[in-house]
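The values are calculated or read from the model by the stated rules, or taken from the named source; none is laboratory data. On a predicted model such as this, the values are computed, not experimentally measured, just so you know. We place every Cβ from the backbone using ideal geometry, glycine too, and count neighbours over all the protein chains shown.
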Amino acid sequence: MPFDLAESFIHEAERELGAKLPVSYRAAMAQANGGEVEVLDDVWQLHPIADTSDRKRLARTANHVLRETESLRGWARFPAGALAIAANGSGDQLVFLRGATSFESAVHLWSHETGELEQVAEDFSELQGI
């Protein structure tokens, strides 16, 4: 179940990533940190941003974007500099691609089988929440 997120945790994630997150993604995570979206007739579980404010929120955000992305870096063909923001349960990921100092606002689908990227939205705000 998604819940609100303090701005300080978004700043901490950006500090650890060394890059700014897209504005619409930051706003969505501040309002509902996690949840599901529908993309290409598939349901995707959004990886939350780590929230260490209490034990309950820490447990609910154990699969946070930094941890999920780090685990995917060991997979063949995972794009360098990509940030995994959602999974569909079959290995595919929705990702942001990194620019020089920030992540681009476009959302891409990364296929774990082929390594191919397909842009599915110009901005995170275009994704349909469930």
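With respect to the stated conditions, residue 120 fails to be of a type outside the set (D, E, K, R), part of a strand (DSSP E or B), closer than 19 Å to residue 3 by Cα and in contact (Cβ under 8 Å) with a residue 60 or more places away in the chain.
Among the candidates 69, 52, 61, the residue that is at pLDDT below 90 and within 14 Å of the chain's Cα centre (by Cα) is uniquely 61.
Close Cβ contacts (under 8 Å, 6 or more residues apart or on different chains) running from residues in the stretch 16-30 that are within 14 Å of residue 46 (Cβ to Cβ) to residues that are of a type in the set (Asp, Glu) comprise 21/14; 22/104; 22/123; 24/123; 30/4; 30/7. Pairs linking a residue in the stretch 35-62 that is free of Cβ contacts under 8 Å to residues at least 12 places away in the same chain and closer than 20 Å to residue 8 by Cα to a residue that is surrounded by 12 or more Cβ atoms within 10 Å (Cβ to Cβ) and charged (D, E, K, R), with Cβ atoms under 7 Å and 6 or more positions apart or on different chains, are 58/51. Inspect all residues belonging to the stretch 29-43 and state whether any of them is in a helix (DSSP H, G or I) and touching a helix residue (DSSP H, G or I) at 6+ places or on another chain (Cβ under 7 Å). Looking through the stretch 29-43, at least one residue is in a helix (DSSP H, G or I) and touching a helix residue (DSSP H, G or I) at 6+ places or on another chain (Cβ under 7 Å). Filtering the stretch 14-49 to residues that are surrounded by 15 or more Cβ atoms within 10 Å (Cβ to Cβ), more than 18 Å from residue 62 (Cα to Cα) and of a type in the set (A, V, I, L, M) leaves 19, 21, 28, 37, 39.
Just one of the listed residues (117, 83, 97) is of a type in the set (A, V, I, L, M, F, W, C), within 21 Å of residue 14 (Cβ to Cβ) and out of contact with any helix residue (DSSP H, G or I) (no Cβ under 9 Å at 6 or more places or on another chain), and it is 97. Candidates are the residues of the stretch 58-76 that are touching a Pro at 6+ places or on another chain (Cβ under 9 Å) and not in a loop (DSSP other than H, G, I, E, B); the one that is surrounded by the fewest Cβ atoms within 10 Å (Cβ to Cβ) is 60.
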